[in-house]
Amino acid sequence: MIIGIGRAGLLYSVISPVDTQLLIYGDAKEVQMYDHLSVWLNGKMIPWPEAKVPLLSHGFSRGSAIFEIFDTHEGPTGTVAFRMDKHLNRLMRSAELLGMQTGYSTRQIAEAVVETVKANNIGRGLIKIMAYWGEEAVIQLVLDSKLDVAVFAIPSSEELGLDNARPVSACISKWRKLHPETVPVEAKACANYLNGYLARRDANLRGFNVGLLVGTDGFLAEGSVESVFLVKDGVLKTPSLGRILSGITRLSILQAAPAIGIRTSEEPVLPEDLFTADEIFVCNTGVKILPVARFEDRTLEAPGPITRQLMELMKSILNFSDDRFKDWFSPM
Ligand SMILES: Cc1ncc(COP(=O)(O)O)c(C=O)c1O
């Protein structure tokens, strides 16, 4: 792969656009050990190796745990978290959609995040929150106890690939997106990720980085751990909510794009639309925007002009050089 430096200082390939061996966020081998870190578990800081659940806990054996993941940045006056309020609200919404209740309020979990970031001295990094039934439930299917909550703060590393905004390849997955009438797909629930796992695995086996899932209704949904956008005739389009996770990066892009004069539309998108799109990108908390340089057998400019503008905008927001979005950050 040949690497060039974009106007925004972002690395991107210029000749051979896609490296199919590229490990993207979610694929990276996490070789480093986290044992030296501390974890917030139900109000106490404990060593990472002690943050465990029984094999027969409901969260593990039924896959019923819910979670959130968001990023921290080194701000001018210390570490800040990106859109923590939105992520914590989504955690509560996941619980509500599944008839669960966390043992803690949003404010208490926000305080736990701050405590965990401070205890581990995290600057650029990731926060992962797990909420789950940690007690053993050998046969009992429906529980009504409050969920346990664990907060992990993980420092950025090359392996995590948080700052690898590189072009990727994408295909349509042979797997369909979970139907929203079978499970609430807006809940960020561990069990829902078997769907994403299969799509990513299928894509990787076919030599692509990202597998895009189409719903059983024939409309495009999202990637395994990514929201999807396309640009057509200057308009930025993304599938409407209802059949996808309500991505916070997706929301941020939709909110920020008009500030640089980009028109947006949330609408039903057909997989065919990707074959005629001028630009395609996927996005999530980890890497923000990943331009798609190859979609099935099509080669696309990556990043195309609108994707590039959005990447630059996102970069300036995350560099704290755009005051319009400063309330997107919570001090730690
Ligand atoms: C299924 C799915 N869609 C979309 C996203 C992107 O969401 P966010 O921007 O909140 O990270 C994720 C993130 O992990 C996801 O798992």
Residue-ordered couplings for the stretch 319-332, obtained by feeding phi - 60° into the Karplus form 6.51 cos²θ - 1.76 cosθ + 1.60 and rounding to whole Hz (Gly and Pro as x), are 8, 6, 9, 10, 5, 5, 10, 5, 7, 7, 10, 10, x, 9
Say each of ASP163 and LYS128 gets a label point 7 Å from the Cα, pointing the same way as Cα to Cβ; how far apart are those two points in nm?
-> 2.2
Taking the Cα atoms of the chain, report the difference between the largest and smallest coordinate on each principal axis, in whole Å and largest first.
-> 52, 47, 35
Residues whose placed amide H lies under 5 Å from that of ARG83, excluding near-sequence neighbours | PHE329, SER330
Please build a GNM for the chain, connecting alpha carbons under 10 Å apart, and tell me which residue among ILE154, ILE24, ILE317 fluctuates the most.
-> ILE317
Tilt, helix 305-318 to longest principal axis of the chain (alpha-carbon atoms), in degrees rounded to tens, equals 40
Can you tell me the equivalent ellipsoid semi-axes for the stretch 38-155? Use √(5λ) from the Cα gyration tensor, largest first, whole Å.
-> 26, 16, 10
Residues whose built amide H sits under 5 Å from the amide H of VAL292, excluding neighbours closer than 5 in sequence, are VAL168, ILE280, PHE281, VAL282
How far, in degrees from 0 to 90, does helix 106-120 lean away from the longest principal axis of the Cα atoms of the chain, to the nearest 10?
-> 80
Karplus couplings for the stretch 283-295 from phi (6.51 cos²θ - 1.76 cosθ + 1.60, θ = phi - 60°), rounded to Hz, Gly and Pro as x?
-> 8, 7, 3, x, 10, 6, 10, 10, x, 9, 9, 9, 10
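How would you rank HIS36, HIS73, going from fewest to most other Cβ atoms within 10 Å of each one's own Cβ?
Details: HIS36 10, HIS73 19.
Ranked by crowding around the Cβ, least crowded first: HIS36, HIS73.
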In the stretch 147-202, which GluC sites (Glu not before Pro) fall in coil by DSSP and have 12 or fewer other Cβ atoms within 10 Å?
-> GLU158, GLU159, GLU181
Place a +1 charge on the Cβ of each Lys and Arg in the chain and a -1 charge on the Cβ of each Asp and Glu, then give the dipole magnitude about the Cα centre in debye, rounded to the nearest 20.
-> 80
Under the Karplus curve 6.51 cos²θ - 1.76 cosθ + 1.60, θ = phi - 60°, whole-Hz ³J(HN,Hα) for the stretch 249-259, x wherever Gly or Pro sits | 5, 4, 4, 4, 5, 5, 6, 8, 3, x, 5
Between SER105 and GLU301, with labels modelled 7 Å along Cα→Cβ, what's the label distance in nm to one decimal, could you check?
-> 5.2
Counting pairs on different chains as well as pairs 8 or more places apart, how many Lys pairs in the stretch 38-155 have Cα atoms under 17 Å apart?
-> 7
Rounded to the nearest 0.05, what FRET efficiency is calculated for THR182 and LEU251 with R0 set to 30 Å and r the Cβ-Cβ distance?
-> 0.75
Which whole-number percent is the relative contact order of the chain (Cα, under 8 Å, 6+ apart)?
-> 20
Please arrange LEU310, LEU126, LEU290 by counting, for each residue, the other beta carbons lying within 10 Å of its beta carbon, fewest first.
-> LEU126, LEU310, LEU290
Degrees between helix 84-97 axis and first principal axis of the chain (Cα, 0 to 90, nearest 10) = 70
Length released on extending from LEU97 to SER240, taking residue separation times 0.36 nm less the Cα-Cα span = 49.6 nm
Interchain or long-range residues, amide H under 5 Å from GLN101's placed H | LEU147
Distance between Cα centroids, the stretch 70-84 to the stretch 230-249: provide it in whole Å.
-> 25
How large is the dipole of the stretch 38-155 about the Cα centre if only Lys and Arg carry +1 and Asp and Glu carry -1, each at its Cβ, rounded to the nearest 20 debye?
-> 220
Efficiency by 1/(1 + (r/R0)^6): what FRET value for TYR197 and THR264, r their Cβ-Cβ distance, R0 = 35 Å, to the nearest 0.05?
-> 0.70
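Only the coordinates and a few stated rules stand behind these numbers; no lab work does. Since the structure is predicted, the reported quantities are computational estimates derived from the model, not experimental observations. Glycine gets a Cβ as well: all are built from the backbone with ideal geometry, and neighbour counts include every protein chain shown.
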